Amino acid sequence: MTKSIFTNGTIYTLDPNQPVVESVVVEKGRIVDIGSHHEMILQWGRNGSNIIDLQGKMVTPGLIDSHLHLSGVAFNFLDLDLTGVQSKSEMLEKIREKANTVAPGKWLVGMGWDENLFTEGTIPTIDELDVVAPHCPVYLKRICHHAFLVNSKALEMSQYHPEINIPIGGTVVLDPITKKPTGMLLESASQLITKNIPERSYQELKNGLQQAMQFAVKKGLTSVHTNDPAYLGGLDSTYKMYDELINQEGQGLRCNLLIDYPYLNLLKERGMYAGYGNDKLQIGAIKIFADGAFGRRTALLSEPYHDNPSQFGDAMYDQETLYQVVKEVREHPMPLAVHTIGDKALENVLDILDQFPKVDYRDRIIHTSLVRNDLVQRLVDMSRIADIQPRFVVGDYPWVKERVGEKREPYLYAWKTLLESGVLCAGGSDAPVEPIAPLLGIHAAVTRRTPGDLHEGWNAKEKLSMLEAVKLFTVGGSFATNEENLKGTISRGKLADLTVYSNNLFTIENPEELLKTEIDMTIIGGEIKYKN
């Protein structure tokens, strides 16, 4: 097989043995050598080697998004995308436009709305949704996927009535005066609706997933860790879809699949386990939820919410049940990926994990949004990693300050504290909750502010250096799946995954220049999968 030499670049290997080089030599998808342009051309440039001139551009190890939902990104291509909508009137108009294309009785499904972005108006009411979509049931997921809007037609088709059994942990929000539904559902109450929405065909889902994968590669990603079975028709359908796209059709993007706990027994039946697959497609950890989110005050806190002292949030399991869940997972034996946003949720999870032996793969504490000093110390463990989402600062500030109050704010999205304490951390987006764009994640990590804002950053002491931020999305991502010997740095023997940029992130004077930086090339296994 012909060797490829990617040369004449400013290549930051993130390998301390050889931090900056000019050339990377690739053969059979692996890095065989790195060094200066002159040395590599002299040693490897004969016998018809394929030479790619990087024109002095910055190169890093391939970017890794350690937590997202590619299925959700796929649905953005298939459904009504309300991401970034900035007013009630704009949202209602988009729903009206989409409803005009939907046949009577067919479902209008959408996602991505966020009332915190509204410059005008509040969350649409059920009556307003009925006006713009009178003929079709409407189901709209908030950007966090913890709150949902429906119209009367959706409730009617779901046979809703005041005495209906609501799934544990869910709420149908009622008007305090009329006691009728407002159209807002929280957490698992959405199941009342979703069980009535016809499933998309396998081919429709696969087409959307293919678009999502291509979009991720365009954004510079070479690997993602994605959680999808609940949205792609279950374990078998999900694995088949990814296997066809990656192993048979050569999509390129490397995917580690987080599997939801309800599929654990089927996973065992199929003979699958953490690490099952190959270096392109692998089974990852078992995903569970410990709590909810800050937006609806369902993240579980050890002290009451500052802006609602009667609320502490919601635990998705009591401790006895959580113990049994972890016990089942460990008997496989599998690692866990646990959604923990509130500090009490984190404490509950660590209390249970500490009672079980480690497994071959790291447990993943997803989000780790609010911590305490004692919990940070308990996270310093090579068998654990915090999956953090820097863009949550953009999505959650300033309103999240009211949720936690001044006393707890120093422990909110405390990434610098985590890193300096020795906690392993990996960077992700939680797309489609936040954009699938690692450069925006890096920007959020180093500025802790919304693009365009000029203040010093929310909880500014927790800002990361550019190098720390880049490492989250490279080295950190490799540790999350115990693949640090395979990816994360540009080193001999590792996979030839590289990301090429239009600007040098390590020499720009103003981090706002990140917003003008483009991905020039995404290289996976030595193949150029995207070129600007």
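The values are calculated or read from the model by the stated rules, or taken from the named source; none is laboratory data. All values derive from a computational prediction rather than experimental measurement. Note that we place each Cβ from the backbone using ideal geometry, even for glycine, and neighbour counts take in every protein chain shown. Side chains are part of the model used for accessible areas, which takes the heavy atoms of the whole protein and leaves out ligands, DNA and RNA. Shrake-Rupley method; radii C 1.70, N 1.55, O 1.52, S 1.80 Å.
Need one word for the range 429-483: rounded, prolate or oblate. Basis is the Cα gyration tensor (sqrt eigenvalues a ≥ b ≥ c); a/c below 1.5 gives rounded, then a/b vs b/c decides.
Oblate is the answer for the range 429-483, as a/c is 1.5 or above yet b/c matches or exceeds a/b.
Which value at 222 nm does the chain reach when only helices count, each DSSP H run of 4 or more adding -39,500 (n - 2.57), with the total divided by all residues and rounded to the nearest 500 deg cm²/dmol?
-8000 deg cm²/dmol
PRE reach from LYS531 (point 7 Å along Cα→Cβ): which of the range 26-45 fall under 17 Å by backbone N?
Backbone N within reach: 26.
Using a 1.4 angstrom probe on the protein heavy atoms only, line up ASP279, ASP343 by accessible area, largest first.
Of ASP279, ASP343, the descending order of accessible area is ASP279, ASP343.
How would THR447, THR507, THR417 line up by accessible area, probe 1.4 Å, largest first?
Ranked from most to least accessible, the order is THR507, THR417, THR447.
Going from most exposed to least, what order do GLU269, GLU97, GLU204 have by accessible area with a 1.4 Å probe?
Sorted descending by solvent-accessible area, the residues read GLU269, GLU97, GLU204.
Can you return the aspartates and glutamates within cross-link range of LYS327? Criterion is Cα-Cα under 17 Å, with same-chain partners fewer than 8 residues away left out.
Counting by Cα, and skipping residues close in sequence, LYS327 has these aspartates and glutamates nearby: ASP260, ASP318, ASP351, ASP354, ASP360, ASP363.
Let me check I've understood the local charge: for ASP363, count other residues with C-beta under 13 angstrom from its C-beta, Lys and Arg +1, Asp and Glu -1. What total comes out?
Taking every Cβ under 13 Å from that of ASP363, the sum is +3.
Suppose we take every Cα in the chain and form the convex hull; what volume per residue is that in Å³?
Measuring per residue, one finds 151 Å³ for the Cα hull of the chain.
Which value, in debye to the nearest 20, describes the size of the charge dipole of the chain about its Cα centre when Lys and Arg Cβ atoms bear +1, Asp and Glu Cβ atoms bear -1, and nothing else is charged?
Here the size comes out at about 780 debye.
Out of LEU515, PRO398, GLN377, whose Cα points farthest toward the positive end of the dipole of the chain (charges: +1 Lys, Arg; -1 Asp, Glu; placed on Cβ)?
Checking the options against the dipole of the chain, the answer is LEU515.
If one takes the longest principal axis of the Cα atoms in the chain, at what angle in degrees, from 0 to 90 and to the nearest 10, does the Cα axis of helix 319-331 lie?
40 degrees
Hey, what angle do you get for helix 438-447 against the long axis of the chain, alpha-carbon based, 0 to 90 degrees rounded to 10?
Orientation of helix 438-447: about 80 degrees from the principal axis.
From the square roots a ≥ b ≥ c of the eigenvalues of the alpha-carbon gyration tensor of the range 71-206, which class results: rounded (a/c under 1.5), prolate (a/b over b/c), or oblate?
Rounded, because the longest to shortest axis ratio a/c is under 1.5.
Just list whichever of LYS141/LYS344; LYS98/LYS531; LYS195/LYS358 have alpha carbons separated by over 28 Å in the model shown.
LYS98/LYS531; LYS195/LYS358
Along the positive direction of the dipole of the range 54-199 (beta-carbon charges: Lys, Arg +1; Asp, Glu -1; about the Cα centre), which of GLY183, HIS145, VAL172 reaches farthest?
Final value for the positive-end residue is HIS145.
When Lys and Arg each count +1 and Asp and Glu each count -1, what net charge do the other residues less than 14 Å away from LYS531, Cβ to Cβ, add up to?
0
Relative to the longest principal axis of the C-alpha atoms of the chain, give the angle of the C-alpha long axis of helix 343-353, reported between 0 and 90° and rounded to the nearest 10°.
In the chain, helix 343-353 runs at an angle near 70 degrees to the longest axis.
If you wrap the range 11-66's Cα atoms in a convex hull and average its projection over all directions, what's the area in nm²?
4.8 nm²
Mind checking which of MET272, SER310, GLN211 is farthest towards the positive end of the range 195-333's charge dipole, using Cβ charges of +1 (Lys, Arg) and -1 (Asp, Glu) about the Cα centre?
GLN211
What ranking do 468-480, 304-316, 46-58 get when scored by the average of other Cβ atoms within 10 Å per residue, highest first?
Result, highest mean Cβ count within 10 Å first: 468-480, 304-316, 46-58.
What percent antiparallel are the DSSP beta bridges of the chain, to the nearest 5?
Of the beta bridges lying entirely in the chain, close to 45 percent run antiparallel.
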